[in-house]
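What follows is a short report on a single structure.
Derivation of every value follows stated rules applied to the coordinates shown; laboratory data play no part. These numbers come from a predicted model, not from an experiment. Every residue, glycine among them, receives a Cβ derived from its backbone with ideal geometry; neighbour counts consider all protein chains shown.
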Amino acid sequence: MKYELIIVGALETNCYLVYCKDTLSCAVIDPGAEPDKIFPVIAGLKLKPIMVLNTHGHTDHVGANRDIIDRFHVPLLIHAADEPWLKNMMSSELSLLLDSKESPPPDRFLKDRETIRIGTVCLKVIHTPGHTPGSVGFLGPGIYFSGDTLFNGGVGRTDLPGGDYDAIMKSIKTKLFMLPNEVKVHSGHGIATTIGYEKRSNPFLQ
Ligand SMILES: [Fe+2]
């Protein structure tokens, strides 16, 4: 498995291209904005997108779903509990500010513990409600894409509609902290970390 990080939009969302080096099949995780930054990376690596994966439905993670899907005609996958966020985009002023377009509807819903195949790469879906009800992460070999659930030194905010503090704490403690310490965590914003480092030092989880 290989991946590429592209930081997009005013909220500096981490968009990841996760790909199989043998087939060059690629999943686009959270194309939040600035498709014109994403397209050249796809072209430069000669990747073949086969799906868009959203860790959750917030605007800054889905704002370029439309552009990726229109260009590559690929399916959109998100957890069912976050489907309302795709339909219910914010005001036009905010979408202009965030360079967000309304997302197409999902083609299929992600389920907890299912395996997503990208060429020879397997990603396991982990449902981690709390930041939103349908927040998920994707576990690859030694690497976890956590969306806005777990950050380097932080946890996702739960003060937005659908947020649930107790649920995010439970998701992190009972699901993510069960992963091996050495698993590298790539969040929806900011720099990478590891499960072990967050267990030891994340101030919200001591
Ligand atoms: Fe979010």
Note to self: Ignoring solvent entirely, what values of log10 I(q)/I(0) come out of the Debye formula for the stretch 17-58 at 0.16 Å⁻¹ when each Cα is a single scatterer?
What the structure shows: -0.39
Margin query: Can you tell me which of Gly147, Gly63, Gly44 moves the most in a GNM of the chain? Springs connect C-alpha atoms under 10 Å apart.
Written below: Gly44
Note to self: Using only the alpha carbons of the stretch 83-152, what is the convex hull's orientation-averaged projected area in square nanometres?
What the structure shows: 6.3
Notebook entry, point to check: So how do 9-19, 178-188, 47-57 stack up, highest first, on mean other-Cβ count within 10 Å?
Noted result: 47-57, 9-19, 178-188
Note to self: Between the stretch 122-148 and the stretch 150-177, how far is it from one alpha carbon centroid to the other, in angstrom?
What the structure shows: 12
Margin query: If packing is taken as the average number of other Cβ atoms within 10 Å across a peptide's residues, how do 189-196, 105-112, 137-144 rank, most packed first?
Written below: 137-144, 189-196, 105-112
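Tell me, what is the percent relative contact order of the chain, built from C-alpha pairs under 8 Å that lie six or more residues apart? Spell out each step's value before the answer.
On the way: 497 pairs, mean separation 33.2, N = 206.
Relative contact order here is 16 percent.
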Margin query: Can you list residues from other chains, or at least 5 along the same chain, whose modelled amide H is less than 5 Å from the amide H of His189?
Written below: Asn14
Next item on the list: Return the aspartates and glutamates within reach of Lys21: Cα separation strictly under 16 angstrom, same-chain partners fewer than 8 residues apart disregarded; answer none if there are no such residues.
Entry: Glu4
Notebook entry, point to check: Can you list the lysines whose alpha carbon is less than 17 Å from that of Lys124, not counting same-chain residues fewer than 8 positions off?
Noted result: Lys2, Lys111, Lys175, Lys184
Notebook entry, point to check: Based solely on its DSSP helices, what 222 nm [θ] is calculated for the chain when runs of n ≥ 4 H residues each add -39,500 (n - 2.57) and the sum is averaged over all residues, nearest 500 deg cm²/dmol?
Noted result: -6000 deg cm²/dmol
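Equivalent ellipsoid semi-axes for the stretch 81-206, as square roots of 5 times the alpha carbon gyration tensor eigenvalues: give them largest first, rounded to whole Å.
Details: eigenvalues 122, 71, 38 Å².
They are 25, 19, 14 Å, listed from largest to smallest.
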